Amino acid sequence: FGKQALHDLIKKEVNDIAWTPGELHKSLLELPWSDVLTTNWDTLLERASSEVHKPIYNIVTKQEDLSSARSPRIVKLHGTIDITKDLIFTQEDFRKYPQQNAAFVNFSRQVFIENELCLLGFSGDDPNFRQWTGWVRDHLATHSRRIYLVGALRLNAAKRKYLESINVAPIDLNDLVTDYDDHDLRHLEATKIFIQELHKLKPKQI
């Protein structure tokens, strides 16, 4: 039905303004990240960042913003509802992404080269993510920085072995949240546990 019909459907189904950031968003952003990259279309992280006074985040919604925004940044790699013209969603969008979003691709590769990555609320199956991490592995080989995938993952041996083979270290917290029957609740509680532990380990100010 065309791109506009798809975007209208997304806006209808993902009613961004009807949701408000939770304490978990704020707690996440209070940690000293170098940058925060997200493929989500909503504005929950941006709105949560307005309540966080240290660190101060710059918001990057389009490629042109990269030249003026300084770290730490919240970078919207796949677009933002009601703000950007395009949202990355279809197979064709992913195919054209390297050509149409070359600045984001180069930026992401640089982030992958310079930093350990922590993936939250993410399966690691995103086509762009696999392409970028593959590029880093091809060029840096054993010198690639580690990527940590965190959550209530419920990984079997084969999936764990596959992730490790592409330089992703899974931190599976599923055993800590088995009391919850609902998948979303397990994911939420596992994320809470992880962020709380990071706050305990956060370096104290001199």
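Below, the figures for the structure above:
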{"quantity": "Over 21 Å (Cα to Cα) - which of LYS11/LYS76; LYS11/LYS85; LYS3/LYS96; LYS54/LYS200; LYS12/LYS96 fall in this group", "calculated": "LYS12/LYS96"}
{"quantity": "Spherically averaged projected area in nm², based on the convex hull that wraps the Cα atoms of segment 84-161", "calculated": "6.4 nm²"}
{"quantity": "Amide H partners (placed H, <5 Å) of ASN58, local residues excluded", "calculated": "ARG73, ILE74"}
{"quantity": "Segment 140-206 and segment 1-58: distance between their alpha carbon centers, rounded to Å", "calculated": "21 Å"}
{"quantity": "Modelled FRET efficiency - R0 41 Å, VAL14 with LEU140, Cβ distances, 0.05 increments", "calculated": "0.70"}
{"quantity": "Phi-based couplings in Hz for segment 136-148 (Karplus 6.51, -1.76, 1.60; Gly and Pro marked x)", "calculated": "5, 4, 4, 9, 10, 6, 6, 8, 4, 6, 6, 10, 9"}
{"quantity": "Area of THR191 that stays accessible when all protein chains are in place (1.4 Å probe, Å², to 10)", "calculated": "20 Å²"}
{"quantity": "Separation in nanometres of the label points that stand 7 Å from Cα toward Cβ, at ASN156 and GLN91", "calculated": "2.5 nm"}
{"quantity": "Within the chain, helix-based [θ] at 222 nm, where runs of 4 or more DSSP H residues each add -39,500 (n - 2.57), nearest 500", "calculated": "-13000 deg cm²/dmol"}
{"quantity": "Cα shape, segment 157-198, gyration tensor, a/c 1.5 rule", "calculated": "oblate"}
{"quantity": "Amide H within-cut-off set for LEU149, under 5 Å, with H built and near neighbours excluded", "calculated": "LEU119, ALA169, ILE171"}
{"quantity": "FRET efficiency for ALA5 and THR39, using Cβ-Cβ distance with R0 set to 22 Å, rounded to 0.05", "calculated": "0.50"}
{"quantity": "From the coordinates shown, Kirkwood radius over Cα pairs in Å corresponds to which of [x] 19.4; [y] 17.9; [z] 18.5", "calculated": "[z]"}
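The values are calculated or read from the model by the stated rules, or taken from the named source; none is laboratory data. Please read these numbers as outputs of a predicted model, since none were measured by experiment. Note: ideal-geometry Cβ built from the backbone for every residue, glycine included; neighbour counts use all protein chains shown. What goes into the accessible areas is simple: the full protein's heavy atoms, side chains included, and nothing from ligands, DNA or RNA. Shrake-Rupley method; radii C 1.70, N 1.55, O 1.52, S 1.80 Å.
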